[in-house]
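Data first, discussion second: the structure below is written as structure tokens.
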Amino acid sequence: MNREDNVLTPVALEIILNAGNAREKSEEAIKYAHIGDFKNAHLYLDKARKMMLSAHHAQTDVIQKETQGESFYLDLLFIHAQDTLMTIRSELNLRKEIISLYELIHKMTNKNQ
């Protein structure tokens, strides 16, 4: 099958794009948390979460169609998209926890001053 003929190619690209953008926003969130700007840290985490949700919806749509009997040709690009989504989802979860730790440290440090 030719890549241009594969209906999963645009879905894979959508997943990779949204997940990659989520990674960038979560990296920005960490930078804001590091300097104590938790308002922006949470704002960027929320942006990352929304982008990750868009990527997840694209993936879920394919899975639901498959369970309803539609068949797809899985190529390396779609597999890469799945891997990217899961990796960045894990990164996002870890960054959320790291930001919570930054907040806790900030509160404890300011409390003792």
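The values are calculated or read from the model by the stated rules, or taken from the named source; none is laboratory data. Fair warning: this is a prediction, and the values are worked out from it, not measured in the lab. Ideal geometry is used to build each Cβ from the backbone, glycine not excepted, and the neighbour counts take in all protein chains shown. These accessible areas exclude ligands, DNA and RNA; they are computed on the full protein's heavy atoms, side chains included. Shrake-Rupley method; radii C 1.70, N 1.55, O 1.52, S 1.80 Å.
Annotations
- Tilt relative to the chain, helix 38-67 - C-alpha long axis, 0 to 90 degrees, to 10: 20
- Annotation: average projected area of the range 12-73 is 4.3 square nanometres, based on the convex hull of Cα atoms across all directions.
- Principal-axis tilt of helix 8-34 within the chain, Cα atoms, nearest 10 degrees: 0
- Relative contact order for the chain: 39 percent, from Cα pairs under 8 Å spaced at least 6 residues apart, divided by residue count.
- Pairwise FRET efficiency - GLN64 versus GLU103, Cβ, R0 = 35 Å, nearest 0.05: 0.40
- Pairs of alpha carbons in the chain whose separation is greater than 17 Å (percent): 58
- Excluding same-chain neighbours fewer than eight residues apart, the aspartates and glutamates reachable from LYS50 by a Cα-Cα span under 14 Å are GLU14, GLU24.
- For the range 40-83, the fraction of C-alpha pairs farther apart than 12 angstrom is 69 percent.
- Taking the 1.4 Å solvent-accessible surface of the range 17-111 as the whole, the part contributed by carbon and sulfur is 57%.
- Measuring between their Cα centroids, the range 25-51 and the range 87-113 lie 11 Å from each other.
- Accessible surface, per residue, of the range 1-74 when the full set of protein chains is kept, probe 1.4 Å, Å²: 63
- Dipole magnitude (debye, nearest 20) for the chain, charges at Cβ of Lys, Arg, Asp, Glu: 740
- In degrees, nearest ten, helix 76-111 long axis to first principal axis of the chain (Cα): 10
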